[in-house]
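The structure under discussion appears below in the form of structure tokens.
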Amino acid sequence: MTDEEDICLEDLSKPIAEKPNENLEQRLQLLVEAERDEWSELDPSMHLQLTGALINYSEDLARIDGLERAIELNEELSVEDLSNFHRAQRYYQLASAYSTREAFDPDSETEYTFFDSDDLVKSMAYLRAAVASDYLDDLPVERMVKTYTDFANLLSRLGRVVEALRWYNNALQMNPEHAIALGNRGQCKMEYGSLLFTEGHNPMFMYSAYSDLEKALENSEDLYSRAEQNFRFLKQKVERFSDDRLAVENNDEYDLGESDRNSEYHQWVLENGLYLNPLNDISKHSSVAHDYFHLPNMLVPDDDDFPYPGIYNQVKQEFASARYLYFEAVESEDDGGHFSDRGVKLPDTLDYAVYGYRTEQVKTALRLSYSIFDKVAEIINHYFEVGQKNPNFNQVWFQGGDYKQGLAEPFQDSDNWPLNALFWVKKDFHHSISERDGDSVVTVAHELRSLRRMAEHDYMKVFHDDIVSSPPNKRVIEDSLYDEVGKNELQDAALEMLKLSRATLIYVSLAIHHEERLKREELNGKALPVAGEAMIPDHLKE
């Protein structure tokens, strides 16, 4: 191959496309040192081809300066001038560059511990943007599978294993044979399963992980060597769980209900992964169709101040009630107006507004599931002895509730990985970090927070977004006071809030289990079986 030292960026495009793995050092230097004017003359396709090469070369050669140059070039690229395809490509590259730069940081400790990272915040934002729904028809399937998988990988890296499995599943629905997605999902299941405390559930997770890893290795021709080696190593670690009798599907069937409506509801919960049961994250078999999950066995303190069973009962019941409110509203909407709306006179403002009991049910489900986060903050504040008087989910992590004072002492140097997952859920609520968050299929928590505020405190107008994209500007009655939200958008947001609150309830229980295990190793204390045999019978629930 001819020397490329003096060729221009445009001329470099062809040799990179034809022989991408040659002259890495030389090409990287050329890409880093090229003047801004030369980059600005490139069309978006060539610009993104070359910044993609720059990121790949920087990763291969461990060159942070190359990553920083790629970030600078792509952040300067005008989004408005790009097609959907090129926007998605830009977002994906920025996510990759930030994530890789974080991995190169010698002080990085982002595995199985409590940590913070501005680079990973940005990577998360750009990955969300890369999977925005209006790009789906513009991207090749394999590109979407890779993006979904990388998004799941990052969630898993943060400890957010519940949410990560959902996105691995999305990737594998598009390509069930994708080896990287299968292998990484298997690793995520191993990590999730290792956190569980219910007897018998860890082996089922490990069998499911083994099955994924085995299938990934059957497609090893699609794996790069380092991934294949890692998956073989992980498969050996769970080899003893290879007996297919450990499959969830071998459990006895669970009765989903006597009536059609009862059965329909429980099937809907099962299919949407909304049972408070970690097994629902790896299976939709009817045997997992119950909300068994609670707090782990816990040591009883000397002062007998033990609010945890009660407050967890409360938030669990609120979640279950919000879940049914949502189901009843959305799955019944074709049955005609609700009888409670009969005779409620409402003038037609001719702006496609939606009113009715079922719409209010969706709003209530959104508000109720959102309220769970501050109650989880109460649990964190009391259990970890943070010492705040009025904790909330945003501030409970910091000294005096103030971000500028740094992490509260109980979280410093913590290796509580599920607690880190909660900390990163908090970041979703309180970081507005991507210009494409609003359009992403990953409805982010700070958008949910905004909708909840509108539903709770403001004049929210719900409109038929399956008919119009927004309420019409010209109306018989002028009305400029409202905040608008589409009916489908509201439903999607409420469902996302339910899924996020479910994950949060699982994470906080696993975080407490981590701490209780450490306490039992240090002390010979009495463990109270919080989720023991004494249960409130269903017929006494009102």
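All of the numbers you see were taken from the coordinates with simple rules; none came from a lab. This one's a predicted model, so the numbers in the text were calculated from it and none came from an experiment. Neighbour counts are summed over all protein chains in view; Cβ atoms, including those assigned to glycine, are modelled from backbone coordinates with ideal geometry.
Ranked by how many other Cβ atoms sit within 10 Å of their own Cβ, fewest first, the residues HIS430, HIS86 fall in the order HIS430, HIS86. Which shape class applies to the range 1-116: rounded if a/c is under 1.5, otherwise prolate when a/b exceeds b/c and oblate if not, where a ≥ b ≥ c are the square roots of the Cα gyration tensor eigenvalues? Note, shape of the range 1-116 comes out oblate. Taking amide H atoms as placed 1.01 Å from N in the peptide plane, the amide H of PHE463 lies under 5 Å from those of VAL354, VAL485, GLY486, LYS487, each 5 or more residues away in sequence or on another chain. By the count of neighbouring beta-carbon atoms within 10 Å, fewest first, ILE467, ILE55, ILE7 end up ordered ILE467, ILE7, ILE55.
From the Cα gyration tensor of the chain, with a ≥ b ≥ c the square roots of its eigenvalues, which class applies: rounded if a/c is under 1.5, or else prolate if a/b is larger than b/c, or else oblate?
Numbers: a/c = 1.68, a/b = 1.24, b/c = 1.35.
In terms of gyration-tensor shape, oblate.
Contact order for the chain, expressed relative to its length and based on alpha carbon pairs under 8 Å spaced 6+ residues apart, stands at 14 percent.
Close amide H partners of ALA132, meaning residues 5 or more places away or on another chain with modelled amide H under 5 Å apart, are VAL441. Counting Lys and Arg as +1 and Asp and Glu as -1 over every other residue whose Cβ lies under 12 Å from the Cβ of ALA421, the net charge comes to +1. With θ taken as phi - 60° and the Karplus curve 6.51 cos²θ - 1.76 cosθ + 1.60 applied, the whole-hertz 3J(HN,Hα) list for the range 401-409 is x, 10, 3, 5, 8, x, 4, 4, 3 Hz, x standing for glycine and proline. Close amide-amide hydrogen proximity is noted between MET298 and LEU528, VAL530, each under 5 Å apart and 5 or more residues distant or on a separate chain (H modeled in the peptide plane; Pro and chain starts excluded). In this rough spin-label picture, where each label sits 7 Å from Cα along the Cβ direction, the ALA320-ARG261 distance is 1.9 nm.
For the range 139-246, the relative contact order works out to 23 percent when only alpha carbon pairs closer than 8 Å and six or more residues apart are counted. Overall shape of the range 72-226 was characterised from the C-alpha gyration tensor. The equivalent ellipsoid obtained from it has semi-axes of 28, 20, 13 Å, in decreasing order. From its DSSP helices (H runs of at least four residues, each -39,500 (n - 2.57)), the chain gives a residue-normalised ellipticity at 222 nm of -18000 deg cm²/dmol.
Full-extension gain between GLU111 and ASP65, please, as 0.36 nm times their residue separation minus the C-alpha to C-alpha distance. Before the final figure, lay out the partial values.
Numbers: separation 46, 0.36 × 46 = 16.56 nm, distance 2.42 nm.
Difference between extended and current length: 14.1 nm.
Assuming a ≥ b ≥ c are the square roots of the Cα gyration tensor eigenvalues, decide whether the range 139-246 counts as rounded (a/c under 1.5), prolate (otherwise, with a/b larger than b/c) or oblate.
On the way: a/c = 1.91, a/b = 1.33, b/c = 1.43.
Verdict is oblate for the range 139-246.
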